[in-house]
Amino acid sequence: MDLSELERDNTGRCRLSSPVPAVCRKEPCVLGVDEAGRGPVLGPMVYAICYCPLSRLTDLEALKVADSKTLSESERERLFGKMQEDGNFVGWALDVLSPNLISTSMLGRVKYNLNSLSHDTATGLIQYALDQGMNVTQVFVDTVGMPETYQKRLQQSFPGIEVTVKAKADALYPVVSAASICAKVARDQAVKNWQFVEKLQDLDTDYGSGYPNDPKTKVWLKEHVEPVFGFPQFVRFSWRTAQTILEKEAKDVIWEDSAPEDQEGLGKITSYFLNEGSRVCPRASHRYFLERGLESATSL
């Protein structure tokens, strides 16, 4: 799998895809959706779709695709290679969501939780398939959250498509198994070849599985936390594991703002809409101006 586009810029979102088989624009198709890397504190989360004509579904099943978690890395790569060879009727697309994107979304002023990010990414990939002219008539999705709620939401977004959302769909439907293999192969390769934008010296790339409960991952996090700037962007700093290490190992940061006394004497918000005469309140200068003897210029 060619991830050169991701390696050039791994700070946001990257979409990769195979060529669309001509038959998938003509015949009714089935499409599966799954992800890899939802839980780890390290590395990206990858969402993938895989699709093929309904008439060729038995050929996809003949590849012996299975839930990627039950396969070894070499088996996943072999099966992905087979799907590539069968590109005349099998296609795929994926979105790679960087750790930086995940963390900034979850910790932004307007919270964007992981479930919502996952749902929107899956919806975007299905829409991408339709925009490419694929004749998708059935969609199978491995659930995130309550399957009934998720299925209702997808069905409303795609009323002309039969949508099925199930827990463990990657073990129930071959087309979802194929998507899980695509996602896992992409994530494994992305993690293995991750380009650190921080240009770290003496970097240890033996970070274990990347899951929060992995002792090797925890050791790596403690060894690669910078006291002032925190973690490399390879780390999802919104994860509790990373936050706990930051609280223990990093320096405290004091954000200077207006002095507390500046907040005294503020009236009710309704008072700003009433005619109460002049409401000019003296305001103390910020410490920056006081220390430098700076005053407001009233005339030039």
Checklist entry - Could you give the radius of gyration (one decimal) and Dmax (whole number) of the Cα atoms in region 1-143, in Å? => result 15.6, 48
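Let me know the longest stretch in the chain that avoids all GluC sites (Glu not before Pro) found in a DSSP loop with at most 14 other C-beta atoms within 10 Å. Kindly include the intermediate steps, with their values, before the conclusion.
On the way: sites that count: 198, 256, 264, 276, 295.
Free of exposed loop sites, the longest segment is 1-197.
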Checklist entry - Measuring from centroid to centroid over Cα atoms, what is the spacing of region 85-159 and region 180-247 in Å? => result 25
Item to check | Between 0 and 90°, nearest 10: helix 240-249 axis offset from the chain longest Cα axis | outcome: 40
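Only four residue types carry charge here, +1 at the Cβ of Lys and Arg and -1 at the Cβ of Asp and Glu. Report the dipole size of region 53-140 about the Cα centre in Debye, rounded to the nearest 20. Mind showing how you got there, number by number?
On the way: 8 positive and 11 negative charges, 63 e Å.
In total the dipole reaches around 300 debye.
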Checklist entry - For helix 147-157, what angle does its Cα long axis make with the longest principal axis of the chain, in degrees from 0 to 90 and rounded to 10? => result 90
Next on the checklist: Give me the Å³ per residue figure for the convex hull around the C-alpha atoms of region 105-246.
Outcome noted: 157
Next on the checklist: Around residue 175, under 12 Å between beta carbons, what's the net of Lys plus Arg minus Asp minus Glu among the other residues?
Outcome noted: -4
Next on the checklist: Give the lysines whose C-alpha is closer than 25 Å to that of residue 216, dropping any in the same chain fewer than 8 places away, or say none.
Outcome noted: 69, 184, 192, 199, 248, 251
Checklist entry - Magnitude of the Cβ-charge dipole of the chain, K/R +1 and D/E -1, about the Cα centre, nearest 20 debye? => result 560
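Calculate, in nm to one decimal, what residue 226 and residue 70 gain on full extension: separation in residues at 0.36 nm each, minus their alpha carbon distance. List each step's numbers first, then the result.
Details: separation 156, 0.36 × 156 = 56.16 nm, distance 3.65 nm.
Fully extending the segment from residue 226 to residue 70 adds 52.5 nm.
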Next on the checklist: Using only alpha-carbon positions, what ratio does the radius of gyration of the chain give when scaled by 2.2 N^0.38 Å?
Outcome noted: 1.33
Checklist outcome for this item: With 0.36 nm assigned to each residue of separation and the Cα-Cα distance removed, residue 128 to residue 297 gains 55.1 nm
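All of the numbers you see were taken from the coordinates with simple rules; none came from a lab. Note that this is a predicted model, so its numbers are computed, not measured. Counting neighbours? That spans all protein chains shown, and the Cβs are built from the backbone with ideal geometry, glycine included.
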